[in-house]
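S.K.: Let me begin by handing over the structure; questions about it come next.
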Amino acid sequence: MTLVPRALQDTELGAGCYHGVLVDPQSVALHPVKYLHGLARAAIGAGARLHETTPVTRVTRQGVGFRVIAGGKAIVARDVIACTNGYTDSVLPALQRRVVPMGSFAIATEPLGDTVAAAIIPRRRLVFDSRYDSCQFRLARDNRLVFGVRAQIIPSTPASTRRLAAILQERLLSVFPQLRGTRIEYAWSGNVDMTRDRVPHAGLVDGMHYAIGYGGHGVALATYLGMRVGECLLGKQADTPFHDLRFDPIPLYHGRPWFLPLAGVYYKWKDWVE
Ligand SMILES: Cc1cc2nc3c(=O)[nH]c(=O)nc-3n(C[C@H](O)[C@H](O)[C@H](O)COP(=O)(O)OP(=O)(O)OC[C@H]3O[C@@H](n4cnc5c(N)ncnc54)[C@H](O)[C@@H]3O)c2cc1C
């Protein structure tokens, strides 16, 4: 990685609010929906059956396996893998007490002209800043600026997505005031999750495999851990840095994250003093 001092940073970034840039030339981006479709095709090709919009509402032990109620029907399963990430709820109470769902929000501007795009991120790199309340941005192929913020204390809903879009636009303008007047054409969001030690975890709980807790960085890690957990089902030894770490429940937490507003204020204060 290379440090670029503030005096030269406009070779990388047309944003005066930063105090230098650290460049990691090996960082890359992928289109997450295309990736998801590719994974789904690979799974179907390998013989898996996918059942979307089929919520699992109950999982209980039955003999050496499990009885799972999914879409109102009972299934007997030898193994269950819980990979419910920021959507973990009371169906899996032991995991629910260990992960806190948080919303992650993004917006995309109208396409910027070539000159504006070249002035704000000349080498078209992916950018994120080092604040706790961090923002991240990149240029899409058609020169839209995609701008997101890391986990927020409110969960993802259509209403929160609309509300956060306006807040994100203000954040975007605080980084790139030259984009005032640029239209926001898309806004979207989803839930991510945070563990107490902010590290992903995988292992066994109540006889069930799990891989969870990516803190908004799961695109590569979830695929990696998914593959390793799959190998566990085939009888291989789990061998990842994230398996069987100490994974404590969050004290006084049973699914309603009452402490998040306090944590939000604390981290905003830390950003301000640091
Ligand atoms: C706006 C945004 C930006 C992001 N940016 C990045 C990024 O730049 N880099 C990065 O690495 N990651 C990023 N992420 C995070 C990334 O999307 C996740 O880490 C990744 O999707 C985790 O994959 P997963 O399969 O573990 O969980 P998810 O993709 O969250 O899937 C969990 C699934 O479990 C299902 N589920 C939950 N409970 C049940 C139930 N009872 N029955 C049936 N199904 C259930 C849910 O419906 C969901 O489909 C971003 C996320 C968002 C929302």
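The values are calculated or read from the model by the stated rules, or taken from the named source; none is laboratory data. Here the structure is a predicted model, which means the values were calculated and not measured. Note that we place each Cβ from the backbone using ideal geometry, even for glycine, and neighbour counts take in every protein chain shown.
S.K.: Being over 23 Å from residue 261 (Cβ atoms) and within 15 Å of the ligand (Cβ to nearest atom) narrows it down to one residue among 105, 128; which is it?
M.R.: 128
S.K.: Here's a follow-up. Of these, 151, 159, which one is surrounded by fewer than 18 Cβ atoms within 10 Å (Cβ to Cβ), modelled with pLDDT under 95 and out of contact with any Cys (no Cβ under 9 Å at 6 or more places or on another chain)?
M.R.: Exactly one residue qualifies, and that residue is 159.
S.K.: Which members of the stretch 76-90 meet the condition of being free of Cβ contacts under 8 Å to residues at least 60 places away in the same chain and surrounded by 14 or more Cβ atoms within 10 Å (Cβ to Cβ)?
M.R.: 77 - this is the single residue of the stretch 76-90 that is free of Cβ contacts under 8 Å to residues at least 60 places away in the same chain and surrounded by 14 or more Cβ atoms within 10 Å (Cβ to Cβ).
S.K.: Continuing with this model, one more query. Residues being more than 8 Å from the ligand (Cβ to nearest atom) and surrounded by fewer than 16 Cβ atoms within 10 Å (Cβ to Cβ): count how many of those fall in the stretch 206-222.
M.R.: Going through the stretch 206-222 one residue at a time, the tally reaches 2.
S.K.: Being in contact with a helix residue (DSSP H, G or I) (Cβ under 8 Å, 6 or more places away or on another chain) and assigned to a helix (DSSP H, G or I): is that true of residue 219 here? Explain how you work it out, then say what you get.
M.R.: Details: in contact with a helix residue (DSSP H, G or I) (Cβ under 8 Å, 6 or more places away or on another chain): yes; assigned to a helix (DSSP H, G or I): yes.
So residue 219 passes the test.
S.K.: Going by the structure shown, is residue 13 at negative phi, surrounded by 11 or more Cβ atoms within 10 Å (Cβ to Cβ), more than 13 Å from the ligand (Cβ to nearest atom) and outside any helix (DSSP H, G or I)?
M.R.: Yes, satisfied.
S.K.: Now, a different point. Hey, among 246, 228, which residue is away from the ligand (no atom under 16 Å from the Cβ) and either under 21 Å from the mean Cα position of the chain (by Cα) or over 20 Å from residue 153 (Cβ atoms) (or both)?
M.R.: Result of the check over 246, 228: 246.
S.K.: Sticking with this one: Of all residues in the stretch 55-102, count the ones that are near the ligand (Cβ under 10 Å from one of its atoms), in contact with a Pro (Cβ under 8 Å, 6 or more places away or on another chain) and not aliphatic (A, V, I, L, M).
M.R.: Adding up the residues that qualify gives 5.
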